[in-house]
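Engineer: For reference, the structure I am asking about is given below.
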Amino acid sequence: LETLQESRAYARKELRTIPHLSWHPTEGAFFAFVRVDLDESVNAIAMDILETAHLLVVPGTTFGRYGEGYLRLSYALDIERLKKAFNRLGRYFSDRR
């Protein structure tokens, strides 16, 4: 539980610094449903993240039509892997300015 809380706090801190992303944490699970402020389909963005940043994220549309504009990210990783993932995600969205 302590490791998961540390990962959640790290994800929250990092998501505040990544352009085009915003997250309002909830109390459940170990996922972040993150708002993407770009005029592109999250399905296309998720595929591009996989191909260019080598990260797997789930488009919000997987959970229904109200998921458009969101990506689902898991933060259930050890902190070192999480740091690498957020570094890649940060570079990906920083390049999209």
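Engineer: Report, in degrees rounded to the nearest 10, the 0 to 90 angle that the Cα long axis of helix 79-94 makes with the longest principal axis of the chain.
Structural biologist: Taking Cα atoms only, the helix is inclined about 30 degrees.
Engineer: Give a residue-ordered list of calculated ³J(HN,Hα) values for region 45-57 (Karplus: 6.51 cos²θ - 1.76 cosθ + 1.60, θ = phi - 60°; whole Hz; x for Gly, Pro).
Structural biologist: Ordered by residue, 3J(HN,Hα) equals 5, 4, 5, 5, 4, 4, 6, 9, 9, 6, 10, 9, 10 Hz.
Engineer: Cα atoms only: what Rg and Dmax, in Å, come out for the chain?
Structural biologist: In Å, with Rg to one decimal and Dmax whole: 12.6, 37.
Engineer: What percent do you get for the relative contact order of the chain when only Cα pairs under 8 Å and 6+ apart count?
Structural biologist: The value is 33 percent.
Engineer: Report the FRET efficiency, 1/(1 + (r/R0)^6), for H54 and D78, where r is their Cβ-Cβ distance and R0 is 25 Å, rounded to 0.05.
Structural biologist: According to the calculation, E is roughly 0.90.
Engineer: Taking H placed 1.01 Å from N in the peptide plane, check which residues at least 5 places from A32 or on another chain put their amide H under 5 Å from its amide H.
Structural biologist: Excluding prolines and chain starts, which carry no amide H, the hits are L73, S74, Y75.
Engineer: Give me the accessible area per residue for the chain, probe 1.4 Å, as a whole number in Å².
Structural biologist: Ligands and nucleic acids excluded, the figure is 64 Å² per residue.
Engineer: I've got another one for you. Would you please give the FRET efficiency between S94 and E68, computed as 1/(1 + (r/R0)^6) with r the Cβ-Cβ distance and R0 = 22 Å, to the nearest 0.05?
Structural biologist: 0.45
Engineer: Now a separate question. Could you look at the chain and say what percent of its accessible area is carbon and sulfur, using a 1.4 Å probe and all protein chains?
Structural biologist: Of all accessible area on the chain, carbon and sulfur atoms account for 52 percent.
Engineer: Right, another one. Can you give the angle from 0 to 90° between the axis of helix 2-15 and the longest principal axis of the chain, with both taken from C-alpha atoms, to the nearest 10?
Structural biologist: Tilt of helix 2-15: around 40 degrees.
The values are calculated or read from the model by the stated rules, or taken from the named source; none is laboratory data. On a predicted model such as this, the values are computed, not experimentally measured, just so you know. Reconstructed Cβ throughout: ideal geometry from the backbone, glycine too, with neighbour counts over all protein chains shown. Side chains are part of the model used for accessible areas, which takes the heavy atoms of the whole protein and leaves out ligands, DNA and RNA. Shrake-Rupley method; radii C 1.70, N 1.55, O 1.52, S 1.80 Å.
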